[in-house]
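Peer 1: If you scroll down you'll find the structure; I have some questions about it.
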Amino acid sequence: MASVAAVLWGLNGGVSKTILASGLSPERLAQVRSLGAALALVAVLAVVAPGRLRLTRRELPFILTFGIAGLAFVQWFYFLALHRLAIGVALLIEYLAPLLVALWARFFYKETVRRRIWVALGLSLAGLALIVNVFGGTSLSTAGVLFALAGAFAYATYVLLAEHVVGNRDPVSLLAWGFLFASVFWAVLDPWWSFPTHLLTRTTSLQGNLDAWHLPVWLLAALMILVGTVAPFFLLISALRHLPATRVGIVAMLEPVVGALVGWAWLSESLGGGQLAGAAVVLAAIGLAQTAR
């Protein structure tokens, strides 16, 4: 489930980049993503199992933090970093999150983290560095690095809170409330009455190797919400019922590997020998992590 979630997120990168090329800002795109996912999940529960939407006073602070500090902040800080850093460098820094999860598990939960998990984390980060060519002479913005690090902490917070709550609440209702609180956050930050609705009715090119194909922006947004958001978030949180957060975080590192392949096959982005080697290292690290029982 964690692997499929990472693959769907990697594919969603191409969809999101196409939408952004149509003129919709990153903040507005995150707003559409959060509200769309919240409405879809609440609608499903309202029909299938309305009782699962009940929220207790004891759960409220955890799920509120999960929605804002996790789901909303991880997007917000990532977009802020992208304004100042190359996308690959921002992604590499944000994927320090699995290391933060492992450190939290070891020093706060007092869990035994096996040596091969640390080796797998090191290999994963080395592979990601090869994929994004972090040693290619890129000059780094201090503010951009700080925003990307904040995104890594938000991602780790999201995984750890989900692991904490998922034992007593099903993944669908957890995500429904989480995205609902994230939507409220975005509505305060960017009021809906100023939303550029005309951009959603535009038809845009799919870019790259699919440049001759055109689709409405609203259809791409629907794909982003259902296939690139609801499905992978549900799968990742469901995976936390079967695997610890440390290992789930490592498996999620498949996302930049898939993203690099999507960029090459769809968006005509270059994929050199070093990037292919990096993808192989990340896959080997994930396989190593899976052997740590």
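Quick note: the coordinates plus some simple rules give every number you see, no bench work behind them. Given the structure is predicted, the values throughout are model-derived calculations rather than measurements. Virtual Cβ from ideal backbone geometry, glycine too; neighbours counted across all protein chains shown.
Peer 1: Quick one, could you list the DSSP H helices from the chain stretching 20 Å or more along their long axis (Cα atoms) with average Kyte-Doolittle hydropathy of 0.0 or above? Before the final figure, lay out each step's value.
Peer 2: Working: long enough: 2-21 (29 Å, 1.20); 26-48 (33 Å, 1.39); 115-132 (26 Å, 1.68); 142-165 (34 Å, 1.44); 171-189 (27 Å, 1.91); 273-290 (26 Å, 1.47).
The qualifying helices are 2-21, 26-48, 115-132, 142-165, 171-189, 273-290.
Peer 1: Residues with beta-carbon under 15 Å from that of GLY151, excluding GLY151: net charge, scoring Lys, Arg +1 and Asp, Glu -1?
Peer 2: -2
Peer 1: Among SER141, SER16, SER238, determine the one that fluctuates most according to a GNM of the chain built with springs between C-alpha atoms less than 10 Å apart.
Peer 2: Judging by the Gaussian network model, the answer is SER141.
Peer 1: Could you tell me which of rounded, prolate or oblate describes the range 1-116, using a ≥ b ≥ c as the square roots of the eigenvalues of the alpha-carbon gyration tensor, with rounded for a/c under 1.5 and, failing that, prolate when a/b is larger than b/c and oblate otherwise?
Peer 2: In terms of gyration-tensor shape, oblate.
Peer 1: Hey, another quick one. Among the GluC sites (Glu not before Pro) in the range 28-116, which ones are in a DSSP loop with at most 14 other Cβ atoms within 10 Å of the Cβ? Mind listing them?
Peer 2: Listed in order of number, the matching sites are GLU111.
Peer 1: Let me ask something else about it. Suppose only helical runs count, i.e. DSSP H with n ≥ 4. What mean residue ellipticity at 222 nm does that imply for the chain under -39500 (n - 2.57) per run, divided by all residues and rounded to the nearest 500 deg cm²/dmol? Could you put the intermediate results ahead of the total?
Peer 2: Details: 14 runs with 194 residues, N = 293.
After summing the helix terms and dividing by the residues of the chain, the value is -21500 deg cm²/dmol.
Peer 1: Please state the relative contact order of the chain as a whole percent: Cα pairs under 8 Å, 6+ residues apart?
Peer 2: Relative contact order of the chain: 39 percent.
Peer 1: Ok, one more. Under 5 Å between amide H atoms, partner at least 5 residues away or on a different chain: which partners does THR204 have, H built in plane at 1.01 Å?
Peer 2: Here the answer is LEU215, VAL217, since their amide H atoms fall under 5 Å of that of THR204.
Peer 1: Which residue fluctuates the most in the chain, going by a Gaussian network model with Cα springs under 10 Å, if the choices are VAL47, VAL15, VAL74?
Peer 2: Checking each option, the largest mean-square fluctuation is seen for VAL47.
Peer 1: Something else now. Hey, rough spin-label estimate for VAL227 and ALA21, points 7 angstrom out along Cα→Cβ, what's it come to in nanometres?
Peer 2: Taking the two extended label points, one gets 1.6 nm.
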